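J.: The structure under discussion is supplied below as structure tokens; questions concerning it will follow.
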Amino acid sequence: MKIKFLIIFFFIVACVSNRKVVKRCPNFFVNDFTEVLIKEHKTTEEKDIIIVNELRFECVFSALYSHKVMYDKFGAWDEVIYPAKIIHPVLSWKNVDLFSNGEKYNVFTYGVEEWKHIYVSVVVLDENENDLLNSTSNKKDVLIKYFTNMIKNNNAEKVGFYEKYWSQIDPKRWEWIKSKSNK
């Protein structure tokens with residue numbers, strides 16, 4: 001439960017801070033991005049300073065890319081987290097074997113779509129809720145490469161994610177999308 005609170009807090013802080021200074025993207029890239037960033041977010045819980053690191057891909061074509069690539073590889077998410085005043089929810093996959101080696105990870109995906117700025121992000125924790133994107137993690141570089149490859153190799157022809165996502169997150173929008181695609 002502690003980690004769920006932290007993830008919600010983290011995404012609220014990330015979104016609020018983005019609204020203050022909006023970095024404009026020169027272009028939006030299909031299956032690509034302008035840069036990869038690690039954003040560190042700190043919070044305090046019972047005298048402990050807790051740091052959560054976000055892997056962020058800037059100037060992507062869709063704020064749903066990180067959700068979609070996880071869905072395409074691992075199926076439906078385990079949990080939908082709705083931070084306050086956020087358009088797209090955080091999706092969570094629990095105990096995912098990312099590298100098919102028996103090691104389990106908890107993955108949280110998110111995306112922001114604002115005027116001239118779109119990015120997607122990923123937070124990865126191990127089974128013990130340790131942040132695997134921190135500067136001392138021996139998994140950090142492997143995870144950056146892994147998610148970079150997933151975004152660059154996104155298969156646009158796989159559309160099952162969109163039906164699952166919109167029918168669960170915003171059923172009225174899904175009905176509208178279906179009505180437009182049937183014309």
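J.: Got at least one residue in segment 120-132 being hydroxyl-bearing (Ser, Thr, Tyr), over 20 Å from ASP78 (Cα atoms) and touching a residue at least 24 places away in the same chain (Cβ under 8 Å)?
T.: Looking for residues that are hydroxyl-bearing (Ser, Thr, Tyr), over 20 Å from ASP78 (Cα atoms) and touching a residue at least 24 places away in the same chain (Cβ under 8 Å), one finds none in segment 120-132, hence no.
J.: Still on this structure: Is there any pair with a first residue in segment 25-36 that is over 13 Å from ARG56 (Cβ atoms) and a second that is in a strand (DSSP E or B) and not acidic (Asp, Glu) whose Cβ atoms are under 6 Å apart and which are 6 or more apart or on different chains, and what are they?
T.: Between residues of segment 25-36 that are over 13 Å from ARG56 (Cβ atoms) and residues that are in a strand (DSSP E or B) and not acidic (Asp, Glu), the close pairs are PHE28/ILE118.
J.: Given the criterion surrounded by 11 or more Cβ atoms within 10 Å (Cβ to Cβ), under 18 Å from the mean Cα position of the chain (by Cα) and more than 26 Å from CYS59 (Cβ to Cβ), identify the matching residue among VAL96, VAL107. Steps first, please.
T.: Numbers: VAL107 fails: more than 26 Å from CYS59 (Cβ to Cβ).
Of VAL96, VAL107, the one residue that is surrounded by 11 or more Cβ atoms within 10 Å (Cβ to Cβ), under 18 Å from the mean Cα position of the chain (by Cα) and more than 26 Å from CYS59 (Cβ to Cβ) is VAL96.
J.: Sticking with this one: Cβ contacts < 7 Å: first residue at positive phi, restricted to segment 84-107; second residue surrounded by fewer than 19 Cβ atoms within 10 Å (Cβ to Cβ) and among the basic types (Lys, Arg), any location; separation 6+ or different chain. Result?
T.: From residues that are at positive phi, the pairs are ASN95/LYS104.
J.: I'm trying to understand the selection: among the residues of segment 147-181, which are without any contact (Cβ under 8 Å) to a residue 12 or more places away in the chain and outside any helix (DSSP H, G or I)?
T.: Result: GLU157, VAL159, ASP170.
J.: Is one or more of the residues making up segment 9-21 surrounded by 14 or more Cβ atoms within 10 Å (Cβ to Cβ), closer than 20 Å to LEU133 by Cα, over 12 Å from the mean Cα position of the chain (by Cα) and modelled with pLDDT of 85 or more?
T.: no
J.: Another one. How many residues, within segment 103-146, are farther than 20 Å from TYR71 by Cα and part of a strand (DSSP E or B)?
T.: Qualifying residue count for the region: 3.
J.: How many residues, within segment 42-66, are part of a loop (DSSP other than H, G, I, E, B) and of a type outside the set (A, V, I, L, M)? Show your work before the answer.
T.: Let us first name the residues in segment 42-66 that are part of a loop (DSSP other than H, G, I, E, B), namely 46-47, 59, 61-64.
Now narrow it down to the ones that are of a type outside the set (A, V, I, L, M): 46-47, 59, 61-62.
Summing the residues that are part of a loop (DSSP other than H, G, I, E, B) and of a type outside the set (A, V, I, L, M) in segment 42-66 gives 5.
J.: Moving to a separate point now. Might you check whether a residue that is in contact with an Asp or Glu (Cβ under 7 Å, 6 or more places away or on another chain) and either at pLDDT 95 or above or within 17 Å of ASP126 (Cα to Cα) (or both) occurs anywhere in segment 77-89?
T.: no
J.: Hey, VAL69 hits all of (1) of a type in the set (Val, Ile, Thr); (2) over 14 Å from the mean Cα position of the chain (by Cα); (3) outside any strand (DSSP E or B) but one; which does it fall short on?
T.: Failed condition: (2).
J.: Among the residues of segment 116-153, write down those that are within 23 Å of CYS59 (Cβ to Cβ) and crowded, with 19+ Cβ neighbours inside 10 Å.
T.: Within segment 116-153, ILE118, TYR119, VAL120, SER121, VAL122, VAL123, VAL124, LEU133, LEU143, PHE147, MET150, ILE151 meet the criteria.
J.: Inspect segment 125-140 for any residue being of a type in the set (D, E, K, R), in contact with a helix residue (DSSP H, G or I) (Cβ under 7 Å, 6 or more places away or on another chain) and closer than 29 Å to ILE51 by Cα and give the result as yes or no.
T.: yes
J.: Do you know which residues across segment 41-78 are touching a residue at least 60 places away in the same chain (Cβ under 8 Å) and of a type outside the set (A, V, I, L, M, F, W, C)?
T.: Within segment 41-78, ASN53, GLU54, ARG56, GLU58, TYR65, SER66, HIS67, LYS68, TYR71, ASP72, LYS73 meet the criteria.
J.: Being hydrophobic (A, V, I, L, M, F, W, C) and buried (at least 18 other Cβ atoms within 10 Å of the Cβ) is the filter; apply it to segment 62-83 and report the residue that is nearest to LYS158 (Cα to Cα).
T.: Taking the candidates together, the pick is VAL69.
The values are calculated or read from the model by the stated rules, or taken from the named source; none is laboratory data. Please read all numbers here as calculations on a predicted model, not as lab measurements. With ideal geometry, Cβ positions are generated from the backbone for all residues, glycine too; neighbour counts draw on all protein chains shown.
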